[in-house]
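J.: Provided herewith is a single structure, encoded as C-alpha cells, for subsequent inquiry.
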Amino acid sequence: MKSSVAEIRARFDKDVERFSNLETGQSATVDAPLVLDLITRAAAAVTPQAHELLDVGAGAGNYSLKMLQALPGLNVTLVDLSRPMLDRALERVSAATPGSVTALQGDVRELDLRPHRYDIILAAAVLHHMRTDAEWEAVAGRLFYALRPGGSLWIADLITHSVPAVQAQMWARYGDYLSGLKDEAYRDQVFAYIDKEDTPRTLMTQLDLLRKVGFIQVELLHKNSVFAAFGAVKT
C-alpha cells in the first residue's frame, strides 16, 4: 500500500528545515541546483511579462524565491499539503516580493483553481504523488485550465523508464549518487520512502499527457538518471 495523503503530509511537516535551503534543500534530487536555475530561467524567458505565479508543491518556497530573482515583483500563490512548509514559504517569499503572496494548504487534486489566472505554474517534485492515470490527466488538465494564454508550466520531477534494463541502470546510478552524497544507509532510506510514497511515470508519458490536455509547445530542459525538468506553453 502506498502512503496516504495524510502520511505524506506528516513526513513533510517534519522536514521544513531541510527544504529551506536554496542550494541543498533538494539534495536527494540529482542536479537540483541546476534544475532550479534552468526552470526559472526558462519560465522568465518564455513568460517575461508574467504577473501571477502558482507554485504547486511549494515546500519551503525555494522555487518561488528563485523565480522572483528572475522576475521580481510577482504575485505568488503557494500550494502545499504541509502547513509548516507553507508557513515557512509564506515568510520567506513575502520578504522577497512587493507583490501579494497567498498560501493555500491542500491537495492539488482537490483545489479549486481559478481559470486563466496564472502566467507561470511551477510544479517541482509533486506530480509523482499522483496515483492513477485518471488523476494524472485530471491534474494536468487543471493546470492547463489555470494558465492564461501565453502562460507556461514547468515541472521538475522523478521519472521512470519504460525499458526494464534502462530503468535498472538508471536506478543503480541514482543509488550510487545517494551513497556518494551520504552513505548506503541514506540511499536505502530514500529508496524506501520513494517505494512507499511515489508513483512516477515515464518522461515520454508525461510529455504526451501535456499534449493531450491541450499544450502544443512542449520542451525538455534536462534529464539525468531518474529525474527530468520539462515544461509547456499554453498558446
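The values are calculated or read from the model by the stated rules, or taken from the named source; none is laboratory data. Values in this document were obtained by computation on a predicted structure and should not be read as measured data. For neighbour counting, all protein chains shown are included, and Cβ atoms are generated from backbone atoms with ideal geometry for every residue, glycine included. These area figures cover heavy atoms from the full protein model, side chains too; ligands, DNA and RNA do not enter into them. Shrake-Rupley method; radii C 1.70, N 1.55, O 1.52, S 1.80 Å.
J.: Looking only at the range 196-215, count every residue that is modelled with pLDDT under 95 and open to solvent by 60 Å² or more (accessible area, probe 1.4 Å) and tell me the total.
T.: Number satisfying all stated conditions: 1.
J.: Let me ask something else about it. Since Arg117 meets every condition but one in (1) open to solvent by 30 Å² or more (accessible area, probe 1.4 Å); (2) within 18 Å of the chain's Cα centre (by Cα); (3) in contact (Cβ under 8 Å) with a residue 40 or more places away in the chain, which condition does it not meet?
T.: Exception for Arg117: condition (2).
J.: Select from the range 188-208 the residues that are in a helix (DSSP H, G or I) and not charged (D, E, K, R) and list them in ascending order.
T.: Of the range 188-208, the ones in a helix (DSSP H, G or I) are 188-197, 203-208.
Within the range 188-208, Gln189, Val190, Phe191, Ala192, Tyr193, Ile194, Leu203, Met204, Thr205, Gln206, Leu207 qualify.
Conditions (1) more than 20 Å from His129 (Cα to Cα); (2) in contact (Cβ under 8 Å) with a residue 24 or more places away in the chain; (3) open to solvent by 60 Å² or more (accessible area, probe 1.4 Å), marked per residue:
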| residue | (1), (2), (3) |
| --- | --- |
| Ser27 | no, yes, no |
| Arg41 | yes, yes, yes |
| His51 | yes, yes, yes |
| Leu54 | no, yes, no |
| Tyr63 | no, yes, no |
| Gln69 | yes, yes, yes |
| Pro72 | yes, yes, yes |
| Val76 | yes, yes, no |
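J.: For the range 152-192, what are the residues that are touching a Lys or Arg at 6+ places or on another chain (Cβ under 8 Å) and closer than 17 Å to Ala124 by Cβ? Lay out the reasoning, then the answer.
T.: First, the residues of the range 152-192 that are touching a Lys or Arg at 6+ places or on another chain (Cβ under 8 Å): 152-153, 159-160, 175, 178-179.
If the condition is that a residue be touching a Lys or Arg at 6+ places or on another chain (Cβ under 8 Å) and closer than 17 Å to Ala124 by Cβ, then Ser152, Leu153, Ile159 are the ones that fit.
J.: Working only within the range 62-88, note down all residues that are of a type in the set (Gly, Ala, Ser) and either modelled with pLDDT of 95 or more or touching a Pro at 6+ places or on another chain (Cβ under 9 Å) (or both). Break it down into steps so the answer makes sense when it comes.
T.: Of the range 62-88, the ones of a type in the set (Gly, Ala, Ser) are 64, 70, 73, 82.
Within the range 62-88, Ser64, Ala70, Gly73 qualify.
J.: Here is a list of conditions, (1) over 30 Å from His116 (Cβ atoms); (2) in a helix (DSSP H, G or I); (3) basic (Lys, Arg), and Arg211 meets all of them except one; can you say which number that is?
T.: Result: Arg211 passes all but (1).
J.: State yes or no: is Ala123 over 26 Å from Asp15 (Cα atoms), within 16 Å of the chain's Cα centre (by Cα) and surrounded by 20 or more Cβ atoms within 10 Å (Cβ to Cβ)? Quick ask: steps written out before the conclusion?
T.: Working: over 26 Å from Asp15 (Cα atoms): no; within 16 Å of the chain's Cα centre (by Cα): yes; surrounded by 20 or more Cβ atoms within 10 Å (Cβ to Cβ): yes.
Considered against the rule, which asks whether it is over 26 Å from Asp15 (Cα atoms), within 16 Å of the chain's Cα centre (by Cα) and surrounded by 20 or more Cβ atoms within 10 Å (Cβ to Cβ), Ala123 comes out as no.
J.: Ok, one more. Given the conditions (1) among the acidic types (Asp, Glu); (2) at positive phi; (3) more than 17 Å from the chain's Cα centre (by Cα), which single one is not true for Glu91?
T.: For Glu91, the exception is condition (2).
J.: Considering the range 66-92 alone, what residues qualify as being of a type in the set (S, T, N, Q) and out of contact with any helix residue (DSSP H, G or I) (no Cβ under 6 Å at 6 or more places or on another chain)?
T.: Gln69, Asn75, Thr77
J.: Could you please tell me which pairs satisfy a Cβ distance under 7 Å, a separation of 6+ or placement on different chains, a first residue in the range 87-99 that is buried (at least 19 other Cβ atoms within 10 Å of the Cβ), and a second residue that is modelled with pLDDT under 95 and in a helix (DSSP H, G or I)?
T.: Going by the 7 Å Cβ cut-off, the qualifying pairs are Arg88/Ser20.
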